[in-house]
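Laboratory data are not the source of any read-out in this text; all were calculated from the coordinates shown. Please read these numbers as outputs of a predicted model, since none were measured by experiment. Reconstructed Cβ throughout: ideal geometry from the backbone, glycine too, with neighbour counts over all protein chains shown.
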Amino acid sequence: MRRSVLLLLLCASAFAQLPTLEKFDPSLIDKSKDACVDFYQYTCSKWVAAHPIPSDMPSTSVALPLYLYNQTILKNAMEKAAADKQAKGSERQIGDFWKSCMDESGRNANGKAWLQPHLAAIAGLKSRSDLARVVAYLHLNFPESWVSDDNSAKSPLFGFGPQQDLEDSSKMVAGIDQGGMALPSIDYYLGTTDQFKDTRAKYLKHVQKMLELAGDSAGTAAAAAKTVMEMETAFAKASMDNVTRRDPVKVYNKRTLQQIKAATPDFNWDDYLKRMGAPAVPFYIVSTPGFLDAMEQQIKTRPVEDWRAYLRWWMVRRAASYLGNDFDQANFDFFGTALSGTPQMLPLWRRCVGSADQWLGEALGQAYVNIAFPPESKQRANQLVGQIRQALSEEIRQLDWMGDQTKKQALVKQDSTLQKIGYPDKWRDYSSVKVTPGNLLANLNSAVAFEVQRQIDKIGKPVDRQEWGMTPPTINAYEDPQMNTINFPAGIMQLPFFGGKQDDAANFGAIGMVIGHEAIHGFDDQGRKFDEKGNLRDWWTSEDAKRYDEKDKCIVDQYSQEIPEYGVKQKGELTAGEDTADNGGIHLALLALENIYKAQGKSLDTPESDGLTARQRFFLSFAFSWCEDIRPEAARNQVITNPHSLPRFRVNRPLSNMPEFQKAFACRQDAPMVHVPACRVW
């Protein structure tokens, strides 16, 4: 194994040089700032001043070099595979995909011609009875079009796919979700501020431009854009907002096919399900029953030409990134520049790396792991996760607000949690995906068909708890409440979060907090509603549940603040789960670090060679891992749609609730970094 890693590294050295990764450096502390007034500025202001936002990014952060590092590894792997005439299997696939994606002239020459038969399929919509056929066609043939999503609503009309049964997590069932909206959330359709109105005006112009590129006359495209806005607004009015959708009880609505047909008699569900290849099931989970009513109303009252316009837009929208420079640039002008403030697109090679990671992610992930995540890194990561989880068990046992009965069940759940590190034990088999070096659009069609079939095949089958929801190079982590797993891809187990040569204080402040954050998610306002098997079950006593809600409200109120520079207010109810995990995660990481120092007979509060104590370095490393500069448009969009708080709040607010931080930096009780009352659940 060591030899193969060395060979890969030697081969990669002939290609693009890997960027240098960031790590915490005490010289970055801005001592002109007061740690007890704004610790984020104290830690991050010098770094931010030295790192302007790249023109092709909505933000920059200390994780950006890691993002570029990971992308460069993937680029080198694909270039190597593309140059190897003897490459076979998945290596041949990623090499051929790379060639086809980087063929910009071929995409420009063929994109519009490729579009025509798909436009013709939509033009063939002659009556309401045809609608199911065309919707299934779009769900089967276009990247991401069949996937439902909480905020970005990637599916035309509705989302359909497998999901775990909330009452029996061992089984996969079929779900029908709200969809049909291209803007990031329903706020963009229904909001009354000038900013929302301006975005809607830009969106109308964008839809018109895209349809003109697809061949519509200016007049036809303008009328179609108006229709699209009317229909999507109707869907928005019938949709659950992203706060309500956080409650698993409210999105768990079991319906038989007969009940669904009764709600939408003008949509041919039998035809749709047959074309999707979906097996017969006893019931479906309908996330938003009221959405079906709005869908039926639109089908019943809209003329067929309106539906053709709406579906034509959705087809062009989903394919835009692959149809050539004109479509790609127009798509970016709205979704990249208007919504996120980013002046220019990523270079083609980075977009191609992203596409390959999306559609052939585990094939590409093997190459990444061989270079960036050796066995000793996985071993150390497993050890870190174990130390944090031990701290969580200790925390549960000593909680003064939770009774013994609930504690017992919490510990059962904690002990049952599966931790997954780095990459899957079994790699996905892409052998049925046909990839050729000269036709990106055909390659995407094959990859989409494979993924749609893979998802549909899950319906009615047992759950695979070993499956990953992220690819190995991903710089992120997640907790899955129904799988009862915590998952840490190899991509995040790198600097600035984790480094083999970093001391424990730095590692626990950065990756330790991330690990603690994910562990706490199993017990946040959503996760606590699931038991050790991942079933939706109330295992709390009524008294403990009431005390939890009181503590949760403290955090919601603390985070529900106006952000005047962006003209928006943070919705504490939206970010409650992530905020609870941030507060609990940093506490668990510190507790685990204290355990290590105690076992070694050392003190966290003894100044070391750099003049800092280990406790101070822990907090500084934590804050440094969140240093970021973000464009106003992107920040505003994040506050409206994202369940995560902005980085400066992810640093300052948890620390303002921690006496350990305030003691480490000698903060007065009336300092801004001392929140009264201190909010804490875990």
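Compute the length gained on full extension between residue 453 and residue 17: take 0.36 nm times their separation in residues and subtract their Cα-Cα distance, giving the result in nm to one decimal.
Here the answer is 153.1 nm.
Specify the inter-centroid distance of the stretch 357-412 and the stretch 211-282, based on alpha-carbon positions, in whole Å.
Between the Cα centre of the stretch 357-412 and that of the stretch 211-282, the gap is 37 Å.
Give me the percent relative contact order of the chain, please, defined on Cα pairs under 8 angstrom at least 6 residues apart.
Averaging sequence separation for qualifying contacts and normalising by length gives 20 percent for the chain.
Please work out the FRET efficiency for the pair residue 476 and residue 404, using the Cβ-Cβ distance as r and a Förster radius of 22 Å; give the result to the nearest 0.05.
FRET efficiency, residue 476 to residue 404: 0.05.
Please report the antiparallel percentage of DSSP beta bridges with both residues in the chain, rounded to the nearest 5.
70
Take the residue pairs 171/533; 408/553; 378/501 and return only those whose Cα atoms are more than 20 Å apart.
Table pairs above 20 Å Cα-Cα are 408/553.
In nm, what is the difference between 0.36 nm times the number of residues separating residue 300 and residue 87 and their Cα-Cα distance?
71.3 nm
How much of the DSSP bridge set in the stretch 114-344 is antiparallel, in percent, rounded to the nearest 5?
75
Among 114, 314, 98, what is the fewest-to-most ranking by other Cβ atoms within 10 Å?
Going from least to most buried by this count: 114, 314, 98.
For the stretch 114-344, what relative contact order do you get, as a whole percent, if you take Cα pairs closer than 8 Å and at least 6 residues apart?
RCO, the stretch 114-344: 25 percent.
So if the hydrodynamic radius of the stretch 569-682 is defined as the Kirkwood radius over C-alpha pairs, what does Stokes-Einstein give as its diffusion coefficient at 10 °C and 1.306 mPa s, in µm² per second?
Using the Kirkwood radius from Cα pairs, D works out to 103 µm²/s.
Quick check: pseudo-label points 7 Å beyond the Cα along Cα→Cβ at residue 610 and residue 466, how many nm apart are they?
4.1
Between [x] 1.07; [y] 1.46; [z] 0.97, which entry matches Cα Rg over 2.2 N^0.38 Å as derived from the coordinates of this structure?
Among [x] 1.07; [y] 1.46; [z] 0.97, the one calculated here is [z].
By per-residue mean of other Cβ atoms within 10 Å, what is the highest-first order of 644-657, 271-284?
The packing order, highest mean first, is 644-657, 271-284.
Between residue 274 and residue 204, 0.36 nm times their residue separation minus their Cα-Cα distance comes to what?
Between residue 274 and residue 204, full extension yields 21.7 nm more.
Express the C-alpha Rg of the stretch 178-305 as a ratio against the empirical globular expectation 2.2 N^0.38 Å, rounded to two decimals.
Ratio of Rg to 2.2 N^0.38 Å for the stretch 178-305: 1.22.
Order these by the 10 Å Cβ neighbour count, fewest first: 415, 544.
Ordered from fewest to most neighbouring Cβ atoms within 10 Å, 415, 544 come out as 415, 544.
Return the aspartates and glutamates within reach of residue 154: Cα separation strictly under 17 angstrom, same-chain partners fewer than 8 residues apart disregarded; answer none if there are no such residues.
Correct list for residue 154: 144, 177, 187, 232, 241, 451.
For a Förster distance of 45 Å, can you work out the FRET efficiency between the beta-carbons of residue 383 and residue 116, rounded to the nearest 0.05?
Using R0 = 45 Å, I get an efficiency of 0.20.
Apply 1/(1 + (r/R0)^6) to the Cβ-Cβ distance of residue 193 and residue 50, taking R0 = 56 Å, and write down the FRET efficiency to the nearest 0.05.
0.95
When DSSP beta bridges are limited to those with both residues in the stretch 382-493, what percentage is antiparallel, rounded to the nearest 5?
40
Straight-line reach from residue 80: which aspartates and glutamates have Cα under 12 Å away, leaving out those fewer than 8 places along the same chain?
Counting by Cα, and skipping residues close in sequence, residue 80 has these aspartates and glutamates nearby: 91, 96.
Could you give the nm distance between label points at residue 126 and residue 412, where each point is 7 Å from its Cα heading toward the beta carbon?
6.1
Go ahead and collect, in residue order, the members of the stretch 598-641 whose backbone nitrogen is under 12 Å from a label point 7 Å along the Cα-Cβ direction of residue 241.
Those under the cut-off are 640-641.
Calculate the spin-label point distance for residue 325 paired with residue 551, positioning each point 7 Å from the Cα along the beta-carbon direction, and give it in nanometres.
5.8
How big is the dipole moment of the chain about its Cα centre under a simple scheme where the beta carbon of each Lys and Arg is +1, that of each Asp and Glu is -1, and everything else is neutral? Debye, nearest 20, please.
Dipole of the chain, to the nearest 20 debye: 1320 debye.
Could you list 550, 594, 628 in order of exposure, starting from the residue whose Cβ has the fewest other Cβ atoms within 10 Å?
Final ranking by Cβ density, sparse to dense: 550, 594, 628.
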